[in-house]
Ligand SMILES: Cc1ncc(C[n+]2csc(CCOP(=O)(O)OP(=O)(O)O)c2C)c(N)n1
Ligand SMILES: Cc1ncc(C[n+]2csc(CCOP(=O)(O)OP(=O)(O)O)c2C)c(N)n1
Ligand SMILES: [Mg+2]
Ligand SMILES: [Mg+2]
């Protein structure tokens, strides 16, 4: 496990709480999917909780993230409201997107979440663009861009990391190597051992770390953010983790063995963190259990409340496409030299 | 200079002839552009002749290349007919593309040239696709894919090299680092010293070689092609060279100094090769001069002949979009199991 | 005759193609052992091996590039794009390469390859996995666009498309995959042409892909009210079989155009423009276009079903068309 | 009043914008010291510095991504795409991101950014640098599309577009850059609307961008034959000012639609479809669409000038339209 450094017990427990919250949220989401209450497939984050939580624990609401099709974990780690998330999964008008987006499309600017994205690699240029904005503003805030091993084979990955490097943007790229892109093992989709080695193409640091160790992620993010603050630009972090669930709920999983999955179940980030909290931080099982109970309660209540919410009315369909207000800018005169070059 | 290895005097002189031919072709193309006889800008290959010639000297007509907006050199090195090239530049019906393509769009399957491309990076996936075809056919032929330093920042570069690596395709990627993408110095567009280092992202060999040394290019290609033949897959070769001319004829070149250009003029690949041929291979100045005279004659005659050719008739405009014949395949019955998975 | 699903018919066409010609191969994401996100390529890798049935990384620009490059040297690749929405990440290879190379190179190269992809809303896949983007492709000279509405057509048109020496985008509507119809076991081809699915004399509905079924259902419903609708399934948008359309309008003098794609700038606009140009005097009422409203595909069931053109909308458009001319004549 | 070129007008609008609002910045290839391939951004870097005027690598997906990401957090980026043809390499960020994010996220984000780009044939730039691709954009809900025909409109519309809180694609025709007209020095905005460039009573020509000048020349020529043409410059394709069009057709009852883009599936198809729907009974003859033929833009002068809609084609279309109704009434 990583160094807990300056993390207080309260903070550690808060991390634990978030990880548990994600796990329980996903388990409930699967129940909803089974019952046909979500419309389409849900891509769950089970087994990867440490990455989102460790990373987002370094961020304030004014720091931004971009997320993926497998975005519930990032969303929750960034502080999203569960009821509004469940409502979105169930296509309710109280959902984050008023039922217009769905599981793959939750954004929440209040918590700095610039959005999940159904296009693999689609969020990478967007995150990079947000970092350009922060850089021009000379803000001390940063962007964390989450994506998968599969996404690292997209052209958008290459273009974005290169741009971030030459402009020394305040951004951290976190590649969650959960070993699969749908059915394709990463070793079948690329001919390298560590995706973090791709950082060399851009002259930026790249590290592979244990993605199932929440404290290690937290520490790695801390370092990367320091680099951002020092104006040194982006870092690529490969989080070594595993997609314990199928690609989506309902996946036949004909491309891997039960054994392989079981090996990784042994490395479950929550179980490991529990052990660590108990052994290294003398936190009692009761403390952990009561968090579990509270979170279970929160998840179930949120889900049930959301389920009772209304579907949007058909008349809502045409709203929200265009902003109707123009910005309030007064143009100042400026006559250019007109010496075309 | 590289090792001449098994190159005969005849071969060396043939290389020299091709380099001179390219240079003279480009000088004539600039004259035509100045005189308004080409329609749009021409991107000349002056100063990079060694790369195209050295590389293509390893290839037969059954080996393929893809080229770029700066494609005349590749085209000629692969054996194209000058009159048809000039005719294309002048938009004549006798041109390679019947006047439909222009300078940036010459393809010639007879010499294995899969085409120049006006989209920066656009040829890289196409070259890769051709290599897939060769690989499935178990052909011993190879593909050489030319592109610039600027193109190596395109997403298509990343996706293609990765694909070629995992499938061990018979292809050589030659990045001609001529230092600029239009006005942008490569050091401003990427944060690395050697573009060849990007090979590491794909687990393939990457080499930076002297792109103004025709024998060195020839040797490097030889090695890379041996790898292809051994089924070991692609190589990335960065040819260190310089775009002596402006981006196109008419460029104001406000982004670089005369001195910088002059430094590179000292490394002119043709002058260097002349010295090499004389000093290392005891080839006489007369032999070289007579080649110069012959090529000058060829270029001028080709240009003048092409100039007299007719423009295509407007009635030709609608032809050549769709192939009208279907392939001659007889479908064999095959009833599948219909066990959907 | 046996009935099979459109998915099975496509799988069968692929098997026929692979067993008939060695230059045919397929590339795409998760298409081999997994059978593809479209789940049409099952068994192929077992029967023809991993040289010809190739799982790719998630790299759509390169994937479509395989179609371009391999076809140029004489292979006949089939490229599977898991969703038509991924034209986004691969568009240059379609717009500026596949569609242009033959013409731009003076007719000196052929590009015999097929991009198979799925389109369509209705399954709650959200804004980025539910689009109908055929209009984008139909605007670009140089590519064929095929959109079958059933298993029988899919098999025959796919084999025809594979023999075509031009790039073809073959678009399968995801809501049709499980629909069954009678399909002969032997290989057969269908030429690029429209078909009159249901003859009628009062109003012509011009449609294609999944909306054919909506049109037929509307036609059935309208029969009970004594209205006799002709339904044309275009099957192929490029080349367009305009003659079949005009012949029908000459008979009915009323036209309703129906597609799931956005109405604005959709292929229906082109159809309307051509019909009014060719049959101006024959039209008794304005051509009515039915398409999706001007918003991305919404997720929630309530919104998505309001979004997709419904049988009711078709029924009332047909009536509106007839009422317009009736009023004028009265 | 002073006359300046459209290039100068755009440059002036950029200077006004940069000096008025700190959140405005520009990214693109070779736009700083070099002044851009469009040569509209000269002096900007000297006046506003390299933080706000940024040369990028050749990475169009990332470049448009800057527009999306930075605008979402409250900046107002201007993205220069050197040629509209490079929508190919950047399309996902337009189709699936810029156009969809606001709706998909339930109206919770704004994307105030402008993509400035050039379109058009006529300069021998060949098939991949001469396209008019506005129809692709107009089909996609969620983006504004602006296409000025002159320096005055360009300045006023660009400033309006920069204040818009939606993604706008601002398309400058390359053949217009050197055209001069009277342009006030002070800042001003033009609202999104069409304009009647020339009133007339016989036939309406609906057009935009460079073709406005072709239409006006045709109208002049037709005057000598006693034919009085009304020319409408749309200026903005999304939102479309349909009222101005319909009002004109109500007057003339004859419509000719003119654009440089491919006729098939072009924006003219949408215009024709809307016009026939809204003014069916008023139309005395079929709507005639003039656009480019169904091939990529050819290189040679002879072919390219045959490719681009000419004054003669417009003149004869107008006459054809009038003759049709004359024949009918006779
Ligand atoms: C551009 C694009 N291509 C393909 C897909 C289909 N798809 C959805 S998820 C997925 C796998 C993504 O793998 P990875 O990036 O490793 O993320 P993970 O699913 O493992 O979290 C694929 C191929 C897509 N949504 N977008
Ligand atoms: C996709 C795309 N983006 C931008 C351009 C405009 N452009 C033409 S050549 C060029 C520079 C290319 O640089 P490099 O790849 O180094 O090739 P070089 O010109 O140096 O041979 C650019 C940006 C283009 N043609 N295509
Ligand atoms: Mg993964
Ligand atoms: Mg270069």
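The values are calculated or read from the model by the stated rules, or taken from the named source; none is laboratory data. Given the structure is predicted, the values throughout are model-derived calculations rather than measurements. Quick reminder, even Gly has a Cβ in these numbers, built from the backbone with ideal geometry, and neighbours come from all protein chains shown.
Within the range C:264-305, restricting attention to residues that are within 14 Å of chain A (Cβ to nearest Cβ) and more than 22 Å from the chain's Cα centre (by Cα), the residue that is surrounded by the most Cβ atoms within 10 Å (Cβ to Cβ) is C:299. Within the option set D:148, D:187, being more than 22 Å from residue D:265 (Cβ to Cβ), in contact with a strand residue (DSSP E or B) (Cβ under 8 Å, 6 or more places away or on another chain) and in contact (Cβ under 8 Å) with a residue 24 or more places away in the chain holds for one residue only, D:148. The lone criterion from (1) within 7 Å of another protein chain (Cβ to nearest Cβ); (2) under 23 Å from residue B:208 (Cβ atoms); (3) more than 16 Å from ligand 4 (Cβ to nearest atom) left unmet by residue B:172 is number (1). Is it the case that residue B:191 is away from ligand 4 (no atom under 14 Å from the Cβ) and either outside any helix (DSSP H, G or I) or touching a residue at least 60 places away in the same chain (Cβ under 8 Å) (or both)? Considered against the rule, which asks whether it is away from ligand 4 (no atom under 14 Å from the Cβ) and either outside any helix (DSSP H, G or I) or touching a residue at least 60 places away in the same chain (Cβ under 8 Å) (or both), residue B:191 comes out as yes. When the range B:269-290 is filtered for residues that are within 22 Å of residue B:29 (Cα to Cα) and surrounded by 18 or more Cβ atoms within 10 Å (Cβ to Cβ), the ones remaining, listed by number, are B:269, B:270. From the list C:284, C:305, the one residue that fits, being out of contact with any strand residue (DSSP E or B) (no Cβ under 9 Å at 6 or more places or on another chain) and outside any loop (DSSP other than H, G, I, E, B), is C:305. Tell me whether the range A:125-147 contains one or more residues that are away from ligand 2 (no atom under 16 Å from the Cβ), at pLDDT 95 or above, at the interface with chain B (Cβ under 10 Å from one of its Cβ atoms) and surrounded by 24 or more Cβ atoms within 10 Å (Cβ to Cβ). No; the residues of the range A:125-147 include none that is away from ligand 2 (no atom under 16 Å from the Cβ), at pLDDT 95 or above, at the interface with chain B (Cβ under 10 Å from one of its Cβ atoms) and surrounded by 24 or more Cβ atoms within 10 Å (Cβ to Cβ).
Please work out which residue is nearest to the other protein chains (Cβ to nearest Cβ), limiting yourself to the range A:194-212 and to residues that are away from ligand 1 (no atom under 16 Å from the Cβ) and part of a loop (DSSP other than H, G, I, E, B).
We begin by selecting, within the range A:194-212, every residue away from ligand 1 (no atom under 16 Å from the Cβ); these are A:197, A:199-207, A:209-210.
Among the residues that remain, those that are also part of a loop (DSSP other than H, G, I, E, B) are: A:203-205.
Details: A:203: 4, A:204: 7, A:205: 12 Å.
Within the range A:194-212, the match that is nearest to the other protein chains (Cβ to nearest Cβ) is A:203.
Residues that are in a strand (DSSP E or B), in contact with a helix residue (DSSP H, G or I) (Cβ under 7 Å, 6 or more places away or on another chain), at pLDDT 95 or above and within 14 Å of chain C (Cβ to nearest Cβ): does the range B:305-312 have at least one? Within the range B:305-312, not a single residue is in a strand (DSSP E or B), in contact with a helix residue (DSSP H, G or I) (Cβ under 7 Å, 6 or more places away or on another chain), at pLDDT 95 or above and within 14 Å of chain C (Cβ to nearest Cβ). For the range A:148-157: of the residues being closer than 20 Å to residue D:90 by Cβ and away from ligand 2 (no atom under 16 Å from the Cβ), which is surrounded by the fewest Cβ atoms within 10 Å (Cβ to Cβ)? Out of the qualifying residues, it is A:151.
For residue A:140, are the conditions met, namely being farther than 24 Å from residue A:57 by Cβ and away from ligand 3 (no atom under 16 Å from the Cβ)?
Against the criterion (farther than 24 Å from residue A:57 by Cβ and away from ligand 3 (no atom under 16 Å from the Cβ)), residue A:140 does not qualify.
Restricting to the range A:70-96, give me the number of residues that are within 24 Å of residue A:133 (Cα to Cα) and either more than 16 Å from the chain's Cα centre (by Cα) or in a loop (DSSP other than H, G, I, E, B) (or both). Show your work before the answer.
To start, the set of residues in the range A:70-96 that are within 24 Å of residue A:133 (Cα to Cα) comprises A:71, A:74-75, A:77-80.
From what's left, either more than 16 Å from the chain's Cα centre (by Cα) or in a loop (DSSP other than H, G, I, E, B) (or both): A:71, A:78-80.
Within the range A:70-96, residues that are within 24 Å of residue A:133 (Cα to Cα) and either more than 16 Å from the chain's Cα centre (by Cα) or in a loop (DSSP other than H, G, I, E, B) (or both) number 4.
Being within 12 Å of ligand 1 (Cβ to nearest atom) and assigned to a strand (DSSP E or B): is that true of residue A:151 here? Criteria not met by residue A:151.
Every listed requirement among (1) within 12 Å of ligand 3 (Cβ to nearest atom); (2) buried (at least 24 other Cβ atoms within 10 Å of the Cβ) is met by residue A:189 save one, (2). Of all residues in the range D:47-88, which are touching a helix residue (DSSP H, G or I) at 6+ places or on another chain (Cβ under 8 Å), farther than 18 Å from residue A:161 by Cβ and part of a loop (DSSP other than H, G, I, E, B)? Hits for the range D:47-88 are D:51, D:52, D:73, D:74, D:75.
Among the residues making up the range C:5-23, those that are in contact (Cβ under 8 Å) with a residue 60 or more places away in the chain and buried (at least 22 other Cβ atoms within 10 Å of the Cβ) are C:6, C:7, C:8, C:9, C:10, C:12, C:13, C:14, C:16, C:17.
Residue B:237 passes every criterion in (1) within 16 Å of ligand 4 (Cβ to nearest atom); (2) over 20 Å from residue D:60 (Cα atoms); (3) within 14 Å of another protein chain (Cβ to nearest Cβ) apart from (3). A search for C-beta distances below 8 Å between a residue of the range D:213-235 that is on the phi > 0 side of the Ramachandran plot and any residue that is assigned to a helix (DSSP H, G or I), counting only pairs 6+ apart in sequence or on different chains, returns D:235/D:153; D:235/D:157. Scanning the range C:100-119 for residues that are touching a helix residue (DSSP H, G or I) at 6+ places or on another chain (Cβ under 6 Å), more than 7 Å from chain B (Cβ to nearest Cβ) and part of a loop (DSSP other than H, G, I, E, B) returns C:111, C:113.
Condition check: more than 27 Å from residue B:187 (Cβ to Cβ) and either within 14 Å of chain B (Cβ to nearest Cβ) or within 16 Å of ligand 2 (Cβ to nearest atom) (or both). Does residue A:160 satisfy that?
no
Condition (residue is more than 14 Å from residue D:299 (Cα to Cα) and out of contact with any strand residue (DSSP E or B) (no Cβ under 7 Å at 6 or more places or on another chain)) applied to the range B:85-107: is it met by at least one residue?
First, the residues of the range B:85-107 that are more than 14 Å from residue D:299 (Cα to Cα): B:107.
Those still in the list that are out of contact with any strand residue (DSSP E or B) (no Cβ under 7 Å at 6 or more places or on another chain) too: none.
No, that holds for no residue.
The combined condition, being buried (at least 24 other Cβ atoms within 10 Å of the Cβ), without any contact (Cβ under 8 Å) to a residue 60 or more places away in the chain and closer than 24 Å to residue A:144 by Cα, is fulfilled by residue D:79.
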